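The values are calculated or read from the model by the stated rules, or taken from the named source; none is laboratory data. For clarity, every value in this text was computed on a predicted model and none was experimentally measured. Cβ coordinates were reconstructed from backbone atoms using ideal geometry, including for glycine residues, and neighbour counts include every protein chain displayed. For accessibility, only protein heavy atoms count, side chains too; no ligands or nucleic acids. Shrake-Rupley method; radii C 1.70, N 1.55, O 1.52, S 1.80 Å.
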Amino acid sequence: MKKIKIGIAANILIVEGGMLPGIYRSYVNHDYVECVEKSGGIPILLPVLSDLDNVKSQLKGLDGIILSGGYDIDSTLYGEEPTAGQGFSMREIDLFYLAVIRAADALSIPVFGICKGMQAINVAFGGTLFQDLKIQGKNAGQHLQQAPRQNAFHHIEIEKDSFLGKVLGEREMVNSFHHQSVKGIAPGFRVTAKAFDGVIEAIERNEGTFMLGVQWHPEMMARFGHEKMTMLWKQFSHKCRK
Ligand code: MN
C-alpha cells in the first residue's frame, strides 16, 4: 500500500526550571505520532512558523494534516474579549494553526483537528467558542476528567449520516480533557456529535476539502488499543489516500 505523508501541527512548550528555563521547545505528544504511523502514514512534525507566508510551502507534498491539542485559543481571534474563564494562550501558535487550515484548504489536503485542533477549524471559518464551559455553558457537565487519558469518560450522540457516524455508530463513550468548546458553529460546517449535556463534540465540513474536528482525544484511546478509535485513524488515512 502506498505510504502517505501526514503532517502533525506541533506546539510550543515553554520549559520551566532545569538548565534552560524559559526556552521554547517544539513538540507533539507521541500518541499522535504512533497513531499516524499505525494507520499507514508517515508522520511529519510541523513546527510553529513565525513567517506564515511559509506555511503553504511547509504543507506541499503532504497527504493529510493532524491538528493536535494545546492551549486555549486567543479569544480575540474569534471576536471576543477574554472573560474570567479564558486560560493560557499563545497567539503565535493560534495564528499558525489558522494559517495551516487555510493552506490545507487551498491545497485540498484533508484535515483532522483534535481538541484545540477542532476549535481552530471552527474559528478559521468564522465560528466562536465558549471560553469556559463552567461559566458560559448552560448546565454543562464535567469535561475535565481526572481518570487516565485512555479511559472513556462521557457519552456522545453521533449523527448517523456523517463520516463519524459511519465509523463510530450513533453512540460512543469518549475521554474528555477540555474546558472550552464550540459555541457558534462556522458557516459551511455541521455538528456531528454532542455530549450528554449538549456540548459540541464533533464538527464536519459540508463540502470542499475534508475537515473533521473532534473534541476528545482519539489518539490517546487508540494508542491503548480502543478498536473504534483505531478505526477512526484508519478511516482518516483512507480519506488522505484518495
Ligand atoms: Mn467532552
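Brief remarks follow.
- Put a dot 7 Å past the Cα of THR83, heading toward its Cβ, do the same for TYR27, and the two dots end up 3.2 nm apart.
- Legend: helices of the chain (whole DSSP H runs) are marked when their alpha-carbon atoms reach 18 angstrom or more along the helix axis and their mean Kyte-Doolittle hydropathy is at least -0.5; marked are 91-106.
- Pairs with C-alpha atoms separated by more than 29 Å, drawn from the list LYS2/LYS56; LYS60/LYS134; LYS60/LYS116; LYS38/LYS166, are LYS60/LYS134.
- Assuming charge only on the beta carbon of Lys and Arg (+1) and of Asp and Glu (-1), the dipole of the chain about its Cα centre is about 780 debye to the nearest 20.
- Across segment 4-241, the relative contact order, built from alpha-carbon pairs under 8 Å that are at least six residues apart, equals 20 percent.
- Student exercise, segment 123-186 dipole from Lys, Arg, Asp, Glu Cβ charges, in Debye to nearest 20: 160 debye
- Projecting the Cα atoms of GLN119, GLN145, LEU232 onto the charge dipole of segment 4-241 (Cβ charges, centred on the Cα centre) puts LEU232 farthest toward the positive pole.
- Local electrostatic count at LYS56 - Lys and Arg +1, Asp and Glu -1, tallied over other residues with Cβ under 13 Å: -1
- Area accessible to solvent at ILE23, 1.4 Å probe radius, in Å²: 70 Å²
- Once C-alpha pairs closer than 8 Å and six or more residues apart are averaged by separation and normalised to the residue number of segment 89-208, the relative contact order reads 25 percent.
- Ordered from largest to smallest accessible area (heavy atoms of protein chains, 1.4 Å probe), the residues MET211, MET173 come out as MET173, MET211.
- Part-to-part distance (alpha-carbon centres) for segment 1-78 and segment 175-242, which is given in Å: 18 Å
- A DSSP coil position with no more than 12 other Cβ atoms inside 10 Å describes the following trypsin sites (Lys or Arg not before Pro) in segment 20-99: LYS60.
- Accessible-area order (highest first, 1.4 angstrom probe) of the listed residues HIS155, HIS143, HIS238, HIS179: HIS238, HIS155, HIS179, HIS143
- ARG241 versus PHE177: modelled label distance in nm, points set 7 Å from Cα along the beta carbon direction: 2.9 nm
- Partner aspartates and glutamates for LYS3 [C-alpha distance under 12 Å; skip if fewer than 8 residues away on the same chain]: GLU37, ASP63
- Gain in span if fully extended, LYS228 to GLN136, counting 0.36 nm per residue against the direct Cα distance: 30.0 nm
- Total formal charge among the other residues, if their Cβ is under 10 angstrom from that of ALA140, Lys/Arg +1 and Asp/Glu -1: 0
- Ligands, DNA and RNA aside, TYR24 has an accessible area near 130 Å² when probed at 1.4 Å.
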